[in-house]
Amino acid sequence: MENRSLISISNLSKRFKVGNGEFLALKNINLSIAEGEFTGLVGPSGSGKTTLLNIIGSLDIPSDGTAEVLGKSISTLSHKQAAMLRNLNIGFIFQTYNLLPVYTVFENVEFALLLQKKTFAERKIAVMEALDWVGLTDKVKSKPSQLSGGECQRVAIARAMVKRPQIVLADEPSANLDAKNSHHIVQTMKRLNKELKTTFIFATHDEKVMQYLDRIISLKDGEIEKDEFVNHAKNE
Amino acid sequence: MIKFLFKGVIRDRGRSVLPIIVVSIGAMFTVILHCWINGIMVESLTMNANFNNGHVKINTRAYAKEASQMPIDLAIIGVNKLTKELKLSNPDFDWVHRTRFGALIDFPDSIGETRAQGPVTGWAIDLFSSGSNEADRFNISEALVSGKIPAKSSEALLSIDLAQKFNIKPGEEFTLFGTSMDGSMVFRNFSVSGIVRFGSSAIDRGAIIIDISDAQLALQMEDAASEILGFFNTGKYNDEIANNIAASFNKKYASSMDEFAPEMITFKQQEGMADLLNISETMSSIFIFVFVFAMSVVLWNAGLLGSLRRFNEFGVRLALGEGKNHIYKTIIFEGVFVGLIGTMIGTAIGLLFSYILQEKGLDISGMMKNSTLMMPAVARASITPSAIYIGFIPGVLSMVLGSALAGIRIYKRKTASLFKELEV
Ligand SMILES: Nc1ncnc2c1ncn2[C@@H]1O[C@H](COP(=O)(O)OP(=O)(O)OP(=O)(O)O)[C@@H](O)[C@H]1O
Ligand SMILES: [Mg+2]
């Protein structure tokens, strides 16, 4: 893969204050992720997956070292610039779908575009397309409470994808889903990754997810233990 | 975006119902109290004009200085001529003259010994001449508890408290002891034609009402009266016109040094009136302030609970790239929206209650027992145009304040742990 690097992290450490002391959650991370990757951060609980994902997503900043995302150094961004980066370029998918319960499927997906001040016509086309990607065009008027877990997570994928971000960060997206739905949503994302060249970065310890990944970055105690590209050819 | 927020507020009952109820209640009370204070004020002012001051009032300069003592020796002499002139030059007014005096009344028993005796304020007004509006101004037909309006000379109305204290019935006779204009003792017999209750303790406590001609006879005040009052024929006080008339009237006597020269003041110029007019506004403002404060505290806490409930929502919105400032603004915007809805509901209910209070009134005579102010015993609300918008001040202000305080929390959110607190 000689694609240009979307994300480059060098000598990154992250410390958290715990009581009087400090806890080193990420230690000297060096990492580069290129456009179009379908990558996973894997590792046991507490290994620092979410912490790293948060920094890439400009929700948090490194304590040491640098994290450059789309050419912007995360630690130097103002609140507003970080929000702008998330709004335009980064989609999030969470373990607990986090759909807004009072809004319909359509409105949940639409929200990111409202923030971008897109017109209704533009929003409608984009939302319907995104719902089409995840196979939920028949549920536009439903409320999240009327959907199954798998459907909720698919709405969340549509919400992340509707603005066609370069990067989608998915933190344990399958943790609350059964096997069938887990496969389904990862397959959906894999398809979008192929079709739209969207870069996906997962944090997961779910084997079902891992088998789809093109690259597995193993974290342990805040350090990269292994970083390997997977050759799917032999599995298929 | 605005539509999006509307949908959220309307669909999320938990977000809107409690604040709307709080705002409604506050707006409702504001409207009711405003109308009520206003009603009491309007009625007090009307009573004050009718009983005391007219829309314009003429006394001698000397009398005006000591008016509270009712010094009939300083009364206006030549009232008939003066009144006639005023009627000619200012036909838009109804001109009347009255005399107020202090006296003692004495009810004899069957053998002529004193049965009961007490001081009274005497009101001598024009009851007998045809076309006189004075009986209406005093609302005597309404005020009559028993008996009837004096129809001939030497008949008097007695105020209710006195009648009850002395156990007097219409038809009984009494002797009035007073001082004449030139300072000598005078007395004259009257019979009680009726008992009146005006609803204002200041009068009901101890007053008699007689015809002006009887007073002139009894007090030896030929062609004299303590005051001449002018009332707008429209019934409505107009400060500008009143000021003009008073100015041109007073100009005629400007060069005179005579202590007994007449002097005209307007309704508003009378002592304490400006303050009285301010009271209603001040009281309304105080209530509004108190409501804004109390409701803001409640709504602040409601807002805090609300943002706790919406923790997840704000987290998602931050993750989706909405700025904290923007979220804060939307919280305030929702506050304005909810405040407006609540105020509209509260104002509607408040106007309804005010209307009932306007029609029925509430008896406050118990509170007014010792008041010397001319206040109505039955307080009625009076709906004014300002009642329609006054509720919006506390309604919207408190909601915005409450939301603004509660919303500050959004700035304390760490984007790094958007959902942590929820993922137990
Ligand atoms: N805000 C924080 N303050 C203190 N410590 C934190 C904070 N966030 C994370 N940590 C610690 O950093 C370490 C890494 O946490 P992180 O959430 O990244 O783990 P993870 O790999 O995502 O685990 P899991 O699989 O359970 O989600 C943990 O030990 C955690 O306790
Ligand atoms: Mg995690």
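The values are calculated or read from the model by the stated rules, or taken from the named source; none is laboratory data. Note that this is a predicted model, so its numbers are computed, not measured. Please note: Cβ atoms are built from the backbone with ideal geometry, for glycine as well, and neighbour counts cover all protein chains shown. Only protein heavy atoms, including side chains, enter the accessible area calculation; ligands, DNA and RNA are left aside. Shrake-Rupley method; radii C 1.70, N 1.55, O 1.52, S 1.80 Å.
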- [ ] May I have the extent of the alpha carbons of region B:55-266 along their three principal axes, as whole Å values ordered from largest to smallest?
- [x] 57, 37, 28
Task: Crossing angle, helix A:120-133 versus chain A [Cα axis fit, 0-90 degrees, rounded to tens] - done: 70 degrees
Task: Summed buried accessible surface, chains B and A, 1.4 Å probe, nearest 100 Å² - done: 2300 Å²
- [ ] Work out from phi, with θ = phi - 60° and the Karplus expression 6.51 cos²θ - 1.76 cosθ + 1.60, the ³J(HN,Hα) of each residue of region B:264-272, listed in order in whole Hz, and give x for Gly and Pro.
- [x] 9, 10, 8, 3, 6, 6, 4, 4, x
Open item on the list: Bins of 5 Å, beginning at zero and ending with the bin holding the largest distance: percent of Cα pairs per bin for chain A, please.
Closed with: 1, 7, 14, 18, 19, 17, 12, 8, 4, 1, 0
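Within 10 Å of each candidate Cβ there may be at most 12 other Cβ atoms; applying that plus a DSSP loop requirement, which trypsin sites (Lys or Arg not before Pro) in region A:95-157 survive? Don't skip to the answer; put the middle values down first.
Numbers: sites: A:Lys117, A:Lys118, A:Arg123, A:Lys124, A:Lys139, A:Lys141, A:Arg154; in loops: A:Lys117, A:Lys118, A:Lys141.
Answer in residue order: A:Lys117, A:Lys141.
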Open item on the list: Cut-off 10 angstrom, C-alpha nodes, Gaussian network model of chain B. Which of B:Met399, B:Met283, B:Met221 fluctuates the most?
Closed with: B:Met283
- [ ] Can you list which of the GluC sites (Glu not before Pro) found in region B:11-117 are DSSP loop residues with at most 13 other C-beta atoms within 10 Å?
- [x] B:Glu66, B:Glu113
Open item on the list: Taking θ = phi - 60°, what integer Hz values does the Karplus form 6.51 cos²θ - 1.76 cosθ + 1.60 yield along region A:196-206, in sequence order, with x for Gly and Pro?
Closed with: 10, 6, 6, 7, 10, 10, 9, 10, 7, 10, 9
- [ ] Could you tell me which of rounded, prolate or oblate describes the protein assembly as shown, using a ≥ b ≥ c as the square roots of the eigenvalues of the alpha-carbon gyration tensor, with rounded for a/c under 1.5 and, failing that, prolate when a/b is larger than b/c and oblate otherwise?
- [x] prolate
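What's the longest piece of chain B with no exposed trypsin sites (Lys or Arg not before Pro), counting a site as exposed if DSSP puts it in a loop and it has at most 12 other beta carbons within 10 Å?
After excluding every exposed loop site, the longest remaining stretch is B:1-151.
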TODO: Mind listing, in residue-number order, the residues in region B:304-337 that have at least 50 Å² less accessible area with every protein chain present than in their own chain alone (1.4 Å probe)?
DONE: B:Val316, B:Ala319, B:Leu320, B:Gly321
Open item on the list: Tell me the relative contact order for chain B as a rounded percent, counting alpha carbon contacts under 8 Å between residues six or more apart.
Closed with: 28 percent
Open item on the list: So if I take the centroid of the Cα atoms in region A:57-96 and the same for region B:62-105, what is the distance between those two points in Å?
Closed with: 88 Å
Task: Violating pairs (Cα-Cα greater than 18 angstrom) within the set A:Lys14/A:Lys208; A:Lys14/A:Lys49; A:Lys27/B:Lys412 - done: A:Lys14/A:Lys208; A:Lys27/B:Lys412
Open item on the list: Please state the shape class of chain B: rounded when a/c is under 1.5, otherwise prolate if a/b exceeds b/c and oblate if not, all from the C-alpha gyration tensor.
Closed with: prolate
Task: Residue-level accessible surface for B:Asp275, protein heavy atoms, 1.4 Å, Å² - done: 100 Å²
Task: Low-density loop cleavage sites - GluC sites (Glu not before Pro) in region B:186-285, where at most 13 other Cβ are within 10 Å (DSSP) - done: B:Glu222, B:Glu259, B:Glu271
Open item on the list: Starting from 0.36 nm per residue, how many nanometres of slack lie between B:Glu240 and B:Ala274 once their C-alpha separation is accounted for?
Closed with: 10.7 nm
- [ ] Work out from phi, with θ = phi - 60° and the Karplus expression 6.51 cos²θ - 1.76 cosθ + 1.60, the ³J(HN,Hα) of each residue of region B:228-240, listed in order in whole Hz, and give x for Gly and Pro.
- [x] 10, 10, x, 10, 4, 4, 5, x, 10, 6, 10, 4, 5
TODO: Grab the DSSP H runs of chain A that are 4 residues or longer, score each as -39,500 (n - 2.57), total them, divide by all residues and round the 222 nm result to the nearest 500 deg cm²/dmol.
DONE: -10000 deg cm²/dmol
Open item on the list: Step by step: find N for region B:1-142, compute 2.2 N^0.38 Å, then divide the Cα radius of gyration by it. What's the final number?
Closed with: 1.92
